[in-house]
Number of protein chains: 6
Amino acid sequence: MTNAQASQNSNDNLRYERGLAKLQQIDGEGGVKVVESLAGIAPDFARLLIEFPFGDIYSRPGLDLRSREIAVVAALTAMGNAAPQLKVHIQGALNVGVTRNEVVEVIMQMAVYAGFPAALNGLTAAREVFTADDEKSAQPLAEPRALVETP
Amino acid sequence: MTNAQASQNSNDNLRYERGLAKLQQIDGEGGVKVVESLAGIAPDFARLLIEFPFGDIYSRPGLDLRSREIAVVAALTAMGNAAPQLKVHIQGALNVGVTRNEVVEVIMQMAVYAGFPAALNGLTAAREVFTADDEKSAQPLAEPRALVETP
Amino acid sequence: MTNAQASQNSNDNLRYERGLAKLQQIDGEGGVKVVESLAGIAPDFARLLIEFPFGDIYSRPGLDLRSREIAVVAALTAMGNAAPQLKVHIQGALNVGVTRNEVVEVIMQMAVYAGFPAALNGLTAAREVFTADDEKSAQPLAEPRALVETP
Amino acid sequence: MTNAQASQNSNDNLRYERGLAKLQQIDGEGGVKVVESLAGIAPDFARLLIEFPFGDIYSRPGLDLRSREIAVVAALTAMGNAAPQLKVHIQGALNVGVTRNEVVEVIMQMAVYAGFPAALNGLTAAREVFTADDEKSAQPLAEPRALVETP
Amino acid sequence: MTNAQASQNSNDNLRYERGLAKLQQIDGEGGVKVVESLAGIAPDFARLLIEFPFGDIYSRPGLDLRSREIAVVAALTAMGNAAPQLKVHIQGALNVGVTRNEVVEVIMQMAVYAGFPAALNGLTAAREVFTADDEKSAQPLAEPRALVETP
Amino acid sequence: MTNAQASQNSNDNLRYERGLAKLQQIDGEGGVKVVESLAGIAPDFARLLIEFPFGDIYSRPGLDLRSREIAVVAALTAMGNAAPQLKVHIQGALNVGVTRNEVVEVIMQMAVYAGFPAALNGLTAAREVFTADDEKSAQPLAEPRALVETP
């Protein structure tokens, strides 16, 4: 291994670890599941997903995580073609301090910019996330879920 | 005029006036221009635009205007097919206290959710708004612009 | 309660009732279900959905309901990201006098403007609506479904 | 030339001529310009554009042209990424008997399904078409424009 | 039947047969199922689907089928609203010689142009196609599936 | 500066340089202009644009550049909301060996998947790129353009 390669590996690990920590902070279990689901089909994409969106973008200091999650919930509701990711980020918004009511307001507001169907489908996603969240809270404590291992 | 019609007119005026005030607070001159541009083609739509998005949605108490404008800038950047409205709301975001740097962060973040072209075109819109804003600040004070009259 | 508030409440009821009647005329049971589904997550959005699209837009005299439903079926087929609402409006189109064959022609035409996948997915939605409609016609008469109550 | 090839050429001419007549009936000068603009870059696409959308789809008997143009104006307004084609079809709608007011109603209605920006940009397109139409009517009669030649 | 009609029928059969052969070459069983699924709702659309996309476009000599399938997988992944058709064309890409790894690379690349959610949902589609393909290979040989009959 | 930071800087430079070389190989002058245009508004985004799409994705060995550019031209044509980037990548496709005729075939094929308006607007973009290319070839040789400096 050359020195340049060693340096590259070392640095990739830094971005990866910073990104993984951010992914877990924001998306929690949902984000980890997304990464795990990629293992069999595109493991490199799991690494890129952690490094660029979470290691590079979400780790930037210029915007608080609450605002970032509001932005994502708005965008994915408006685009209307990414329901699984919208649900992950509705949970993510809750995880970083956005209230359920605020999530609902953001989605309702999208009726103005992307139409009522987009808002209705966004509200359906929110209801599913809130319900799953309620059910989990009602259950006895399970073993804490192991964090995804660094590949 | 029946009592019901009188009540309706009275109430429509309430929603309209509340919406117009909110439009001016958020979008300022840009919003007023949008309304004026509708006069010749669809004056009823100008009224509906003020009543529903601004009189109904933006007037709701559950989400602060700063978060609402972050949500709109994110959504319109991601959709990528509404450049004029994106510019109005980039200015709107600045008007309600979002910083230029935060606007840029929101748009950059959309590269993750809607791709780099959407983010690049959003940044182009932001640059145009910031430049126009700078030029306006550099000019001697003009007469204050008359507010749009209630139709 | 002030006079202004009383007037507002009275007027909101007028728009709401006009919108609810229009919703039931066009979308029938499907529209009512949409409204009911919002009760637990965003009851205010149910009210807005009735007031603006149906109380304001669909109640305008300038375009017949048949043309309005053709327009919606075309738009939702072309957008391709709102299957539940497309199904409601395919049924709505039938409810206001568009024939099954005309619905199919509108959807087929969208192959030209939004591509064959959009048209194919629209035809799948139409087949599901037509099949459900046939099955309902084949059943013995059920009790008439109660209309949604005004909140 | 084999008999099969001769038959194919003969038939392609039938579809082409039927499509060209339909294109001229609906889109008039705007449609002809679209076809002409393809001459230098993709002449085969001009032929396909006439044969499939106009020779096959618009020539089908199951839906009147007025409804077809309402469907297109709705879809292109909602998609929001095809302004040149939207203008051609706003003119096309007028050509087959849709009134200006009906065009405006269809576009306004899209605020419900695709958001206010889509409707606003559609109204801008309509205003440009109506204005150009008014200016043409105000001019002295020009020589009738030659129809596009069959390639 | 006039001579012109006879010629038209003869020629339509030529385009149809050329298109059907191309559909079977590219999309195989998946394409045939799409055509069959249209029988009950829009049989004419099945014919148009074979004639225009496959008889006209895919039969053109200027681009190899491998490149055409890469183009389709990229486009449908980026659009993100046509999962059934994306799966058919992932299989189609494999059928004309694109490797699984190349399919995954094309989909991953779409993260740059349409965002990570589009790429993630494309990878989910790819995994389903690959898994179904593996399961089919593991089964004992079934009777060869009859080709769709020419209507 | 800690060792970890030094390693990170060293590695970021490796990804950046690899990405910049790839950007110049594919998009040439057009890509460099995009990067330069970001200097005043979001210089960090210029770095991310080089590092992730070009340093990470385009540098992967699993797919040839010709196929990658065909994929991008297809996707951006189909999405229909990123004309500037489509033009850059039409030139990029030519730069890596795709012929003009193949570019036109890819765009024409998108009529099937995203509709005729998307294909027509893609052909307009292609014509502009080809014309600019012809004009440049007709000019006397200019000084070679300096490569963009590493920030």
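Classification of the stretch A:62-139 by its C-alpha gyration tensor yields an oblate form. The axis ratio a/c (a ≥ b ≥ c) is 1.5 or more, and b/c is at least a/b. In sequence order, the stretch D:67-75 has phi-based couplings of 5, 4, 6, 4, 4, 5, 4, 4, 5 Hz under the Karplus curve 6.51 cos²θ - 1.76 cosθ + 1.60, θ = phi - 60°, and Gly or Pro positions carry x. Share of carbon and sulfur in the accessible area of the stretch E:62-139 stands at 52%, probe radius 1.4 Å.
In the assembled protein chains, A:Ile70 presents an accessible area of approximately 0 Å² (probe radius 1.4 Å).
Here the 3J(HN,Hα) profile of the stretch D:104-120, calculated from phi with Karplus coefficients 6.51, -1.76 and 1.60 at θ = phi - 60°, is 4, 5, 4, 5, 4, 4, 5, 3, 5, 9, 10, x, 5, x, 4, 5, 4 Hz, Gly and Pro shown as x.
Net charge in the neighbourhood of A:Ile107 (other residues with Cβ under 13 Å of its Cβ; Lys, Arg +1, Asp, Glu -1) is 0. Once the C-beta distance of D:Thr99 and F:Glu36 is scaled by a Förster radius of 45 Å, the resulting FRET efficiency is 0.35 to the nearest 0.05.
Residues of the stretch F:110-131 whose accessible area, computed with a 1.4 Å probe over protein heavy atoms, drops by at least 30 Å² once all protein chains are present relative to their chain alone are F:Val112, F:Tyr113, F:Ala114, F:Phe116, F:Pro117, F:Leu120, F:Asn121, F:Leu123, F:Arg127. In order along the stretch E:89-94, the Karplus-derived 3J(HN,Hα) couplings, from 6.51 cos²θ - 1.76 cosθ + 1.60 at θ = phi - 60°, round to 7, 5, 5, x, 4, 4 Hz, and Gly and Pro are given as x.
Just by accessible area at a 1.4 angstrom probe, what is the order of E:Lys33, F:Lys87 from largest to smallest? List each step's numbers first, then the result.
Working: E:Lys33 110, F:Lys87 75 Å².
Accessible-area ranking of E:Lys33, F:Lys87, largest first: E:Lys33, F:Lys87.
Within the full protein context, the accessible area of F:Val32 is estimated at about 10 Å² for a probe radius of 1.4 Å. Taking a straight line from the alpha carbon of C:Lys136, these lysines sit under 24 Å away, with near neighbours fewer than eight places off in the same chain left out: C:Lys22, C:Lys33, C:Lys87. Label point of E:Asp44 set 7 angstrom out along Cα-Cβ; within the stretch C:101-123, amide nitrogens under 15 Å from it belong to C:101-112. Buried area at the A:F interface is about 1400 square angstrom, summed over both chains, from accessible surfaces computed with a 1.4 angstrom probe. Averaged over its residues, the stretch D:15-151 has an accessible area of 37 Å² per residue, based on protein heavy atoms and a 1.4 Å probe.
The values are calculated or read from the model by the stated rules, or taken from the named source; none is laboratory data. Since the model is a prediction, treat every value here as computed from it, not as a measurement. Note that each Cβ is placed from the backbone with ideal geometry, even for glycine, and that neighbours are counted across all protein chains shown. When the accessible area is computed, the model is the full protein with side chains, heavy atoms only, and any ligands, DNA or RNA have been set aside. Shrake-Rupley method; radii C 1.70, N 1.55, O 1.52, S 1.80 Å.
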